[in-house]
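Below you'll find the structure, written out as structure tokens, and then a few comments.
The values are calculated or read from the model by the stated rules, or taken from the named source; none is laboratory data. Note that the structure is a prediction, hence the values are computed from the model and not measured. Here Cβ is always computed from backbone atoms with ideal geometry, including for glycine, and neighbour counts include all displayed protein chains.
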Amino acid sequence: MKKIELFPLTVFCLPLGFPPASENAPDMRQTWIDRILQMRRDSEPPQSAISAWTGDVKGHAFLHEDPLFASLFANIARGLAAYIGEMGIDAGQFDLYATRSWGVVAEKNERVNRHAHLQSHLSVAYYLQKPPDGGRLAFLKSDAPNEFIPGIFESKMASLFKGPRTGSNSSTTLIDIDEGDLVIFPSKTVHATEPHQSDTPRISISADVIVTLKDATGHEFALPNLSHWKKFNA
Ligand SMILES: [Fe+2]
């Protein structure tokens, strides 16, 4: 018997770590954490007791414009180039733009509900603080190709399932991200987090990235270079 696995989703997990602190260099990890917690304090109180604070919908959506985060975004740029190269694509032919970036803070029992960043091409998440017992990151198949019965691999139909559970018969895959890791994935991928279990909050930075071609001649479905874009003036 030959079993052929087709079309895997690739999630890139890069151990960026943190800038080293010294007598002369500030602790950038703590500086970034403090800045995000300040943003949370400055924004409206949460509307749900179980939803993590996400700065993108609270008026804090452009960390990439803040010089405080410049070194981090330089590292994210290198990670994105590595991801694109790993996918066998010539990164040198593309320009990448951060369009939105924000902090996420999850206190105990808080979670991020399932969603996708449909307005974006690539998304990243960088884990500034992630206690070992913090909630894992979940990726969900939006078109589970092996579900010959709708929902057959979902937990609501677990009584029909014998196992073992693998990537081929799962509608959800949970990934335990380590502190300091940079995660990169296609923005259209549906994702969520488990409820956070630790008394220490999970603090991360997310960013959305648009990819354009330096020269889009002959490539209908890739965005042309920004130099060709013109704003309509009504
Ligand atoms: Fe997200």
Checklist entry - Which one is farthest from the ligand (Cβ to nearest atom), of the residues in the range 120-138 that are outside any loop (DSSP other than H, G, I, E, B) and of a type outside the set (S, T, N, Q)? => result 128
Checklist entry - Name the residues in the range 196-224 that are part of a loop (DSSP other than H, G, I, E, B), surrounded by 14 or more Cβ atoms within 10 Å (Cβ to Cβ), more than 16 Å from the ligand (Cβ to nearest atom) and not small (Gly, Ala, Ser), would you? => result 197, 200, 201, 224
Checklist outcome for this item: Of the candidates 92, 88, the one satisfying the condition of being more than 16 Å from the ligand (Cβ to nearest atom), in a helix (DSSP H, G or I) and loosely packed, with under 13 Cβ neighbours inside 10 Å is 92
Checklist entry - Any idea which of (1) within 16 Å of the ligand (Cβ to nearest atom); (2) closer than 30 Å to residue 3 by Cα; (3) among the polar types (S, T, N, Q); (4) in a loop (DSSP other than H, G, I, E, B) is the one residue 146 doesn't satisfy? => result (1)
Next on the checklist: Please count how many residues of the range 46-70 are in a loop (DSSP other than H, G, I, E, B) and either among the basic types (Lys, Arg) or more than 18 Å from residue 202 (Cα to Cα) (or both).
Outcome noted: 5
Next on the checklist: If a residue must be within 28 Å of residue 85 (Cβ to Cβ) and within 11 Å of the ligand (Cβ to nearest atom), how many such residues does the range 101-114 contain?
Outcome noted: 2
Checklist outcome for this item: All conditions in (1) more than 16 Å from the ligand (Cβ to nearest atom); (2) within 29 Å of residue 48 (Cα to Cα); (3) at pLDDT 95 or above are true of residue 155 except (3)
